[in-house]
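What follows is a set of notes on a single structure, which appears directly below.
The values are calculated or read from the model by the stated rules, or taken from the named source; none is laboratory data. On a predicted model such as this, the values are computed, not experimentally measured, just so you know. Please note: Cβ atoms are built from the backbone with ideal geometry, for glycine as well, and neighbour counts cover all protein chains shown.
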Amino acid sequence: MEKIDLLILGSGPAGYTAAIYACRANIQTVVYEGLQPGGQLTTTTDIENFPGYPNGISGQQMMEEFKAQAQRFGADVRFGFATKVDFSERPFKVLIDDEKWVEANAVIIATGANAKYLGLESEEKFRGQGVSACATCDGFFYRKKNVAVVGGGDTACEEASYLATLCNKVYMIVRRDVLRASKAMQERVLNTPNIEILWKHQTKEIVGDDMGVNGAILVRDGKDEVKIDIDGFFLAIGHHPNSDIFKEWVDTDAEGYIITQGKSCRTSREGIFAAGDVQDPTYRQAVNAAAAGCRAAMDAEKYLSENR
């Protein structure tokens, strides 16, 4: 069985930043990137609010640079994801891809979170055929077409704004009569002429044929049904933390986010740390995840030095 000093599960801003700090502290560090190398940031539009990039940068490019920096300092970055863990004793055991067990003296969980879906049968039926949770990934296929975005927060506004640069018309399906997004994002949406907000609407069904989605049936204000003609249906209603395999070993909140202690990244299990969206139900920003990765690495360094 392979033995590792520090194992980081997940990439993205938290995982890669943790690797940078750990390697600079001369800690043998292995990173397993997870199912989505680079994390959620690789599916976003251009990032304009991360310090050090005055002209903005794409999420994909930023994560490539994070990864390259971690590798420069000696991080062993591998493709693969954790499918089972045993944190009952040290060294901690992690099963990778249901095939390979590795042992680690400390673990940083940076597995992020996944997009939530509405739970409609038609949503599952047309997933990949018009239903998507990633505008940046799939928006290109809907150039000069009509699409809808579900949600009223920052993510929904960002997705709608991005799609508006490609599509003929973007409907925002908002179940309330207000947006939850930041003021800046609200203003961007409200000032984009080809975005139409459908207030107090909820999705009843997604409709289509063998070619994919061609419409959606909505319920307005809990009463009237409305049909819109669309070619793409994008979800932007929140995320689920990727913490399921860790819940037996570390404390989580009601939604599954890993609970960390105070300002640290220490979990309820000594030697196990968590950073990024898997433990952040509030901010969910790249800069915050990177900061958490830094803290997790420093916490892990202290733990390892005290438990050699």
Criterion violated by Ile108 - all others in (1) over 29 Å from Ser132 (Cα atoms); (2) part of a strand (DSSP E or B); (3) over 18 Å from the mean Cα position of the chain (by Cα); (4) among the hydrophobic types (A, V, I, L, M, F, W, C) satisfied: (3)
The listed residue being in contact with a strand residue (DSSP E or B) (Cβ under 8 Å, 6 or more places away or on another chain), under 28 Å from Asn49 (Cβ atoms) and not aromatic (Phe, Trp, Tyr), out of Asp277, Asp231: Asp277
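Between Ala184, Ala254, which is assigned to a helix (DSSP H, G or I) and not acidic (Asp, Glu)? Explain how you work it out, then say what you get.
Values: Ala254 fails: assigned to a helix (DSSP H, G or I).
Result: Ala184 is the single residue among Ala184, Ala254 that is assigned to a helix (DSSP H, G or I) and not acidic (Asp, Glu).
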Count - residues of region 199-234 that are in contact with a Leu (Cβ under 8 Å, 6 or more places away or on another chain) and farther than 14 Å from Val170 by Cα: 11
Residue match in region 92-101 (condition: buried (at least 16 other Cβ atoms within 10 Å of the Cβ), closer than 27 Å to Ile259 by Cβ and at pLDDT below 95): no
Filter pass, Arg308 being buried (at least 17 other Cβ atoms within 10 Å of the Cβ) and either outside any helix (DSSP H, G or I) or not assigned by TED's automatic domain parsing to the domain that holds Val30 (or both): no
Per-region count, region 55-74, residues among the small types (Gly, Ala, Ser) and modelled with pLDDT of 95 or more: 3
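Sort through Lys84, Lys93 and tell me the only one that's more than 22 Å from the chain's Cα centre (by Cα) and basic (Lys, Arg). Lay out the reasoning, then the answer.
Details: Lys84 fails: more than 22 Å from the chain's Cα centre (by Cα).
Step by step, each of Lys84, Lys93 is checked, and only Lys93 is more than 22 Å from the chain's Cα centre (by Cα) and basic (Lys, Arg).
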